[in-house]
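Novice: Following this message is one structure expressed as structure tokens.
The values are calculated or read from the model by the stated rules, or taken from the named source; none is laboratory data. The structure presented is a predicted model; accordingly, all values stated were derived computationally and were not measured. Heads up, the Cβs are rebuilt from the backbone with ideal geometry, glycines too, and the neighbour counts pull from every protein chain shown. Ligands, DNA and RNA are stripped out before the accessible areas are found, and what is left, the full protein with its side chains, is counted by its heavy atoms. Shrake-Rupley method; radii C 1.70, N 1.55, O 1.52, S 1.80 Å.
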Amino acid sequence: MLSIKNLHARVEGREILKGLDLEVKAGEVHAIMGPNGSGKSTLVHILAGRDGYEVTAGSVTYLGMDLLSMPPEERARAGVFLAFQYPVEIPGVNNVYLLKAAYNAIRKQRGEPQMDAMDFLTVVKAKMQFMGIDPSFLNRAVNEGFSGGEKKRNEILQMLVLEPRLALLDETDSGLDIDALKIVAQGINKLRSPEHAMVMVTHYQRLLDYVQPDVVHVLADGRIIKSGDKQLALELERRGYDWVLAEAAA
Amino acid sequence: MTAENQNVEKLMRGEYRHGFVTDIESDTVAPGLNEDVVRLISVKKNEPQFMLDWRLKAYRRWTEMQEPQWAHLQYPPIDYQAISYYSAPKSKANAPKSLAEVDPKLLETYEKLGVPLHERAKLAGVAVDAVFDSVSVATTFRNKLAEAGVIFCPFSEAVQQHPELVEKYLGSVVPYSDNFFATLNSAVFSDGSFVFVPSGVRCPMELSTYFRINAANTGQFERTLIIAEEGAYVSYLEGCTAPMRDENQLHAAVVELVALENAQIKYSTVQNWYPGDERGVGGIYNFVTKRGDCRGANSRISWTQVETGSAITWKYPSVLLKGDNSIGEFYSVAVANHYQQADTGTKMIHIGRNTKSTIVSKGISAGHGQNSYRGLVKVLAGAENARNYTQCDSLLMSGLCGAHTFPYMEVKNPTAKVEHEATTSKISDDQLFYCRSRGIDTEDAVNMIVSGFCKDVFKELPMEFAVEAQRLLAVTLEGAVG
């Protein structure tokens, strides 16, 4: 589904990604771990199409398409979704209004009819309940005045409504208490299916207790230096990153 | 500058969609202003003596006045002798009795503006007093209003049919000597709207007027007077667009509102005069005096405005809170795009006891636009327990535009509470990217973010007007997205 080959990228002239390779197949969940500043967030931002990154070499193919040539909205309509580490507040714009616009933009791309407000509300309400989101959410502006946990839950709610083929989760577990973490994990697991793939950036093993990854990667200094199964995450939790870095340097 | 900001810049280059000129011959007097011109206007309109006297007083006063310079505006000097002060469609002699008799070209003009007069009037239940240049050409729903005892007619007609009301109220809120532009208007005003809602009557429909400037070099001097007697209610909508042309056109309107005891007046404006082109050439100069007088106890006056047009906007819809417990409100969205300059705000003058005022101002600056909020909250010594809340937000959409805030407060009563909040924010790359990463394209995302910013004002507009305002804002800030 997603094939990243030899990706090099700079931010403000500084090289962050230095030849990154990654293959993600439909149905797989990949966890990307690594020390601070290794390029994890940069990777998902580049995949989602954020400005300010200069790709100097390499390619990204998604469902046979050249992902890097597409503007962010086209990527989203083709099924790529980024759950933000710091979801943005948009004052005065209703949560459901934004979500409905997104939903219908994606349906339009697929040649499906637009869904009206009442039907859409039914869809959203069911998923809100699943995510333990308060009904007052329907009357509030996008992320405005939300707690950190509410913002993250809103990201996962959006993901469940939009049902992306490829979900990119940028430190979705950070800043969550254990109850919120469980709910968020439950949302992520709900989307797992043979058609959907996920790339989760995380610092901590604890999310992986609830969302079992198929593959765990260590990203350091702009490259994936080690990959393994979920045991690798446990080992990283125990021993830190130094031994992986040493192994890679050897 | 990031690519997304460049996109915003591009969006801002949207061109004025209502730029066209209707080919109708005008009966226009030669440019220039003197006592003879003032007399000529009065004669053309067959006015009673008191009107001529009032105009002449204003004219004489005006010759002694100086154009105000205090606003944060820059424009070349206006040559008042180069302006023609009267223009009327030639068909005036046999004025139309119904829409069927209206010049089809005029109707076409309204169609282009998205104002299909007949349909709109029928569908929306709106009575439309359409002003084309200086003379009103069509009025609808007059009978239904007459049944309720409401008078809604062109100002010139009110002068003929209800001179006693005109004489009693004209200039009672904005005196002929008030300020340079209002005084000029008093001397030469051509026409406008007159509304009288008698005691205890709730006006059965929204009242609406569409103004339109058309003849070249013709200053527009509209005069509107709205009176709500004891316990009456009226909601009045004003909207306007103008054809594209190069000369700067002066517009100096006056609106006076009078609310007696327990009366309420809601005055909503969507203003879309030609703003000039991308380089700042042309556009309307809009110097407007709007003032409401809460004359009676428990009265209420609300101004809601969406200002997207004009090269220069100088406008401060105000409320004199004379009656005890009276309420004044001002909700405003002002856009300054390209080289537009807006200096707008309000004055809330608390005179009576327990008077309340609310000010919500949203300024949007784009391109090289300069947007200034200028507001005065004045609490007089006798205004026990006066309350004011002011919220003043600015949204910047480019690196070259400007937002300025000039709030003035004069409080002479220790029991008064006056609150002021102000924010300035830039439409952020983060917000745009967030929307785009959800599948929403840049143009829709900008509209969504801007509409969200303006929501507190839009919700004060009557429903169909709110939709129109939102559309207008989208058109104003829209370009061809590449």
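Novice: Just counting partner chain Cβ atoms within 10 Å, what average do the residues of peptide B:422-431 show around their Cβ?
Specialist: Details: counts 0, 1, 0, 1, 0, 0, 3, 4, 7, 6.
Mean shielding by partner chains, rounded to a whole number: 2.
Novice: A follow-up question, please. Per residue, what accessible area does chain A have, given a 1.4 Å probe and all protein chains present, in Å²?
Specialist: On the way: 10790 Å² over 250 residues.
That works out to 43 Å² per residue.
Novice: Averaged across the residues of A:130-142, what count of C-beta atoms belonging to other chains lies within 10 Å of each residue's C-beta?
Specialist: On the way: counts 0, 0, 0, 0, 0, 0, 0, 0, 0, 0, 0, 2, 7.
Partner Cβ neighbours, averaged per residue: 1.
Novice: Let me check something: with ligands and nucleic acids excluded, how do A:VAL55, A:VAL215 order by accessible area (1.4 Å probe), largest to smallest?
Specialist: Details: A:VAL55 60, A:VAL215 30 Å².
From most exposed to least exposed: A:VAL55, A:VAL215.
Novice: Separate question: Can you bin segment B:297-367 into rounded, prolate or oblate? Criterion: square roots of the alpha carbon gyration tensor eigenvalues sorted a ≥ b ≥ c, rounded for a/c under 1.5, prolate for a/b above b/c, oblate for the rest. List each step's numbers first, then the result.
Specialist: On the way: a/c = 3.77, a/b = 3.10, b/c = 1.21.
Note, shape of segment B:297-367 comes out prolate.
Novice: Computed on protein heavy atoms with a 1.4 Å probe, what is the summed buried accessible area for the chain pair A and B, in Å² to the nearest 100? Don't skip to the end; give the middle numbers.
Specialist: Working: alone 11750 and 18690 Å², together 28390 Å².
For A against B, buried area totals roughly 2000 Å².
Novice: Would you mind putting B:465-471, A:165-171, A:187-193 in packing order, based on average other-beta-carbon counts within 10 Å, highest first? Mind showing how you got there, number by number?
Specialist: Working: B:465-471: 19.0, A:165-171: 23.0, A:187-193: 16.9.
In descending order of packing, they fall as A:165-171, B:465-471, A:187-193.
Novice: To continue, here is another question. Taking loop as defined by DSSP and a crowding limit of 15 other beta carbons within 10 Å, which trypsin sites (Lys or Arg not before Pro) in segment B:262-362 fit?
Specialist: B:ARG279
Novice: Now a separate question. Tell me, what is the percent relative contact order of chain A, built from C-alpha pairs under 8 Å that lie six or more residues apart?
Specialist: Details: 443 pairs, mean separation 69.6, N = 250.
Relative contact order, chain A: 28 percent.
Novice: Mind listing the long-range amide H neighbours of B:TYR86? Cut-off is under 5 Å, sequence gap 5 or more, other chains count too, H placed in the peptide plane at 1.01 Å from N.
Specialist: B:VAL29
Novice: Taking 45 Å as R0, compute the FRET efficiency from the Cβ-Cβ separation of B:ALA148 and A:GLN129 and round it to 0.05. Walk me through the numbers on the way to the answer.
Specialist: Working: r = 50 Å, r/R0 = 1.11.
The computed FRET efficiency comes out at 0.35.
Novice: While we're on this one: Can you run phi through the Karplus equation (6.51, -1.76, 1.60; θ = phi - 60°) for segment B:388-395 and list ³J(HN,Hα) in whole Hz, with x for Gly and Pro?
Specialist: 3J(HN,Hα) across segment B:388-395, in whole Hz: 9, 10, 10, 10, 9, 10, 10, 10.
Novice: Another question, if that's okay. How shielded is A:77-85 by partner chains, expressed as the average number of their Cβ atoms within 10 Å of its Cβ atoms?
Specialist: On the way: counts 4, 1, 1, 2, 3, 4, 1, 4, 0.
Per residue, the number of nearby Cβ atoms from other chains is 2 on average.
Novice: Under 23 Å between alpha carbons, and skipping anything fewer than 8 positions from B:LYS44 in its own chain: which lysines qualify?
Specialist: Qualifying lysines at Cα under 23 Å: B:LYS57, B:LYS90, B:LYS92, B:LYS97, B:LYS168.
Novice: Would you mind classifying chain A by shape? Square roots of the alpha carbon gyration tensor eigenvalues, ordered a ≥ b ≥ c; an a/c under 1.5 is rounded, otherwise it is prolate if a/b is larger than b/c and oblate if not. It would help to have the intermediate numbers written out before the result.
Specialist: On the way: a/c = 1.87, a/b = 1.43, b/c = 1.31.
It is prolate, given that a/c is not under 1.5 and a/b is the larger ratio.
Novice: Can you compute the helix-only [θ] at 222 nm over chain A? Use -39500 (n - 2.57) per DSSP H run of at least 4 residues, normalise by all residues, nearest 500 deg cm²/dmol. Please report the intermediate quantities before stating the final value.
Specialist: On the way: 9 runs with 96 residues, N = 250.
So the helix-based figure for chain A works out to -11500 deg cm²/dmol.
Novice: What does the net charge come to around A:GLY145 if you take all other residues with beta carbon closer than 13 Å to its beta carbon, with K and R at +1 and D and E at -1?
Specialist: Working: positive: A:ARG140, A:LYS151; negative: A:GLU89, A:ASP134, A:GLU144, A:GLU150.
That sum, taken over residues with Cβ under 13 Å, equals -2.
Novice: Normalised by the residues of segment A:107-191, what does the relative contact order come to in percent, with Cα pairs under 8 Å and at least six apart? Walk me through the numbers on the way to the answer.
Specialist: Values: 47 pairs, mean separation 25.9, N = 85.
In percent, rounded to a whole number, it is 30.
Novice: Let me ask you something else. ³J(HN,Hα) across segment B:349-357 via Karplus (A = 6.51, B = -1.76, C = 1.60, θ = phi - 60°), whole Hz, x for Gly/Pro?
Specialist: Per-residue couplings from phi come out as 10, 8, 10, x, 7, 6, 7, 10, 9 Hz.
Novice: Now a separate question. At a Förster distance of 22 Å, what's the computed FRET efficiency of A:ASP116 paired with A:SER136, Cβ-Cβ distance as r, to 0.05?
Specialist: Values: r = 23 Å, r/R0 = 1.04.
Taking R0 as 22 Å, the efficiency between A:ASP116 and A:SER136 is 0.45.
Novice: Could you give me the ³J(HN,Hα) list for segment B:373-381, computed from phi with Karplus coefficients 6.51, -1.76, 1.60 and θ = phi - 60°, whole Hz, x at Gly and Pro?
Specialist: Result, rounded to whole Hz: 9, 10, x, 10, 10, 10, 10, 6, 4.
Novice: Right, something else. By a straight-distance test (C-alpha under 21 Å), which lysines pair with A:LYS190 as possible cross-link partners, with residues fewer than eight away in the same chain excluded?
Specialist: A:LYS25, A:LYS100, A:LYS125, A:LYS127, A:LYS151, A:LYS152, A:LYS182, A:LYS230
Novice: Follow-up question, since we're still on this one. Around B:GLY192, which amide H atoms from residues at least 5 apart in sequence, or from another chain, sit under 5 Å from its own amide H, with H modelled in the peptide plane?
Specialist: B:PHE155, B:SER156, B:ARG223
Novice: What ranking do B:365-374, B:301-310 get when scored by the average of other Cβ atoms within 10 Å per residue, highest first? Walk me through the numbers before you get to the answer.
Specialist: On the way: B:365-374: 24.5, B:301-310: 26.8.
My ranking of the peptides, most packed first, is B:301-310, B:365-374.
Novice: Quick one: which residues, 5 or more positions from A:THR172 or on another chain, have an amide H under 5 Å from its amide H? H modelled 1.01 Å from N in the peptide plane, none for Pro or chain starts.
Specialist: Long-range HN contacts for A:THR172: A:VAL201.
Novice: Ranked highest first by average number of other Cβ atoms within 10 Å, how do A:229-235, A:200-206 line up? Don't skip to the end; give the middle numbers.
Specialist: On the way: A:229-235: 16.0, A:200-206: 19.3.
Put in order of decreasing packing, that is A:200-206, A:229-235.
Novice: Another question, if that's okay. Whole Å is fine, so just give me how far the alpha carbon centre of segment A:109-141 lies from that of segment B:383-460.
Specialist: Cα centroid to Cα centroid, the span is 28 Å.
Novice: Classify segment A:173-232 as rounded, prolate or oblate from the Cα gyration tensor: take a ≥ b ≥ c as the square roots of its eigenvalues, call it rounded if a/c is under 1.5, otherwise prolate when a/b beats b/c and oblate if not. Working shown, then result.
Specialist: Numbers: a/c = 2.12, a/b = 1.36, b/c = 1.56.
Oblate is the answer for segment A:173-232, as a/c is 1.5 or above yet b/c matches or exceeds a/b.
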